[in-house]
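A short worksheet on the structure shown next.
The values are calculated or read from the model by the stated rules, or taken from the named source; none is laboratory data. Because the structure is a prediction, the values reported are computed rather than measured. Counting neighbours? That spans all protein chains shown, and the Cβs are built from the backbone with ideal geometry, glycine included.
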Amino acid sequence: MASALILLTGYREAPYLIDYLRGYSDTLPIHHVTDLEELDRECLPGRVLIAFCTAVIVPKRVLDRLGRPAFNFHPGPPTYPGRSPESFATYDGVTRFGATSHIMAPRVDEGPIVGVEWFDVPPDTGQMTLADLAFQATLRLFARQAPIMALSSQPMKVLDIQWSGRKTSKRDYDMMTDLAPCIDAAEFNRRLRAFGEDPETSITVTLHGHRFVLRHEV
C-alpha cells in the first residue's frame with residue numbers, strides 16, 4: 001500500500017474522484033495536483049501517482065523518483081493513441097471506442113496497458129458526443145481500478161494488449177481543421193462532424209495565401 005496518493009487531475013473532477021476514493025479509505029492521504037510544478041513538489045518516494053484526464057506530461061525524473069508504477073486514465077482506446085482520439089475516431093467512423101488505463105512512461109501513450117473500457121458507438125455520433133461517452137467510460141474504469149492502485153500492495157496485471165495505430169498530435173489536428181478550397185460536400189461534412197463541433201476549435205480555409213476562419217450560422 002502506498003504512503004499517500006497523488007491525484008493529478010483538474011479542479012472540476014478532483015472533488016468527485018477524491019470523494020469516491022474516500023469510500024474505500026478515509027485514512028490514506030490524498031494530494032490533489034493540477035500541474036507539473038505542484039506534482040514536482042508532492043512527488044515523493046513511496047507515494048502512488050494516478051492521473052485522470054490530464055494534459056500534463058510527467059517527465060521521467062518525476063516517475064523515477066516515485067520508485068513505483070504511476071498510472072494514467074484517459075479517454076481513447078489503445079487503437080487511438082495521442083491527441084484528440086475522439087475526433088480522429090469520429091472521422092474514421094468507428095463503431096467501437098473506449099478508454100484506457102496504463103502505467104506511465106516518459107513518452108505519451110507508450111506505457112504497459114492495465115485496463116480498457118470499450119463501448120459501442122451509436123450511429124451518426126459526432127465529436128462532442130463521442131468525447132462525452134469516452135469520458136464516462138474513463139470514469140467507469142477509474143471506479144474499477146483506482147482503489148486497487150491506491151490501496152493494494154499487489155502490482156496491477158498488465159494486459160496482453162499493445163498500443164496500435166498512428167499517434168496523433170496537435171499538428172495532425174490542426175491540419176484536419178484547415179480545409180482546402182476545393183473540398184467537396186461529403187468531406188466537408190465529415191470534417192465538421194469530427195473536428196468542428198468543439199466550440200474551441202476554429203475551422204479555417206486558406207485562399208491565395210490568406211487564412212480565413214469559418215463561422216457556422218444556423
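Overview of values
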| item | result |
| --- | --- |
| Selection from region 184-211 of residues that are surrounded by 13 or more Cβ atoms within 10 Å (Cβ to Cβ) and over 17 Å from Asp92 (Cα atoms) | Asp198, Thr201, Ser202, Ile203, Thr204, Val205 |
| Test set (1) of a type in the set (Phe, Trp, Tyr); (2) assigned to a loop (DSSP other than H, G, I, E, B); (3) within 30 Å of Ala186 (Cα to Cα) - Phe119 fails condition number | (2) |
| Within region 199-218, tally of residues that are of a type in the set (A, V, I, L, M) and modelled with pLDDT of 90 or more | 3 |
| Residue within region 139-161 that is in a helix (DSSP H, G or I) and farther than 30 Å from Leu28 by Cα present | no |
| Condition broken by Trp163, with the remaining ones in (1) buried (at least 17 other Cβ atoms within 10 Å of the Cβ); (2) within 29 Å of Ile6 (Cα to Cα); (3) in the same structural domain as Leu21 (by TED's automatic domain parsing) satisfied | (3) |
| Members of region 169-203 that are assigned to a loop (DSSP other than H, G, I, E, B) and in contact with a Leu (Cβ under 9 Å, 6 or more places away or on another chain) | Pro181, Gly196, Ser202, Ile203 |
| Pair list, Cβ under 6 Å, 6 or more apart: region 10-30 residue not assigned by TED's automatic domain parsing to the domain that holds Gln136 and at pLDDT below 95, other residue part of a helix (DSSP H, G or I) and hydrophobic (A, V, I, L, M, F, W, C) | none |
| Cβ-Cβ under 7 Å pairs, at least 6 apart or on other chains, region 67-94 side in contact (Cβ under 8 Å) with a residue 24 or more places away in the chain and within 30 Å of Pro45 (Cα to Cα), far side among the basic types (Lys, Arg) and in a loop (DSSP other than H, G, I, E, B) | Pro81/Lys167; Gly82/Lys167 |
| Checklist (1) under 16 Å from the mean Cα position of the chain (by Cα); (2) without any contact (Cβ under 8 Å) to a residue 60 or more places away in the chain applied to Ser169, failing item | (2) |
| Residue satisfying all of: in region 92-113; in contact with a helix residue (DSSP H, G or I) (Cβ under 7 Å, 6 or more places away or on another chain) and surrounded by 21 or more Cβ atoms within 10 Å (Cβ to Cβ); farthest from Ala146 (Cα to Cα) among these | Phe97 |
| Some residue of region 136-151 being more than 16 Å from Val48 (Cα to Cα), surrounded by 13 or more Cβ atoms within 10 Å (Cβ to Cβ), among the aromatic types (Phe, Trp, Tyr) and in contact (Cβ under 8 Å) with a residue 12 or more places away in the chain | no |
| Residues that are within 13 Å of the chain's Cα centre (by Cα) and hydrophobic (A, V, I, L, M, F, W, C), drawn from region 63-95 | Phe71, Phe73 |
| Selection count where residues are surrounded by fewer than 22 Cβ atoms within 10 Å (Cβ to Cβ) and not in a helix (DSSP H, G or I), scope region 52-69 | 10 |
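Residues are listed down the side, and each one gets a yes or a no for (1) assigned to a loop (DSSP other than H, G, I, E, B); (2) over 18 Å from Met104 (Cβ atoms); (3) touching a strand residue (DSSP E or B) at 6+ places or on another chain (Cβ under 7 Å):
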{"residue": "Ala2", "(1), (2), (3)": "yes, no, yes"}
{"residue": "Leu7", "(1), (2), (3)": "no, no, yes"}
{"residue": "Arg12", "(1), (2), (3)": "yes, yes, no"}
{"residue": "Ile18", "(1), (2), (3)": "no, yes, yes"}
{"residue": "Ser25", "(1), (2), (3)": "yes, yes, no"}
{"residue": "Leu28", "(1), (2), (3)": "yes, yes, yes"}
{"residue": "Leu49", "(1), (2), (3)": "no, no, yes"}
{"residue": "Pro77", "(1), (2), (3)": "yes, no, yes"}
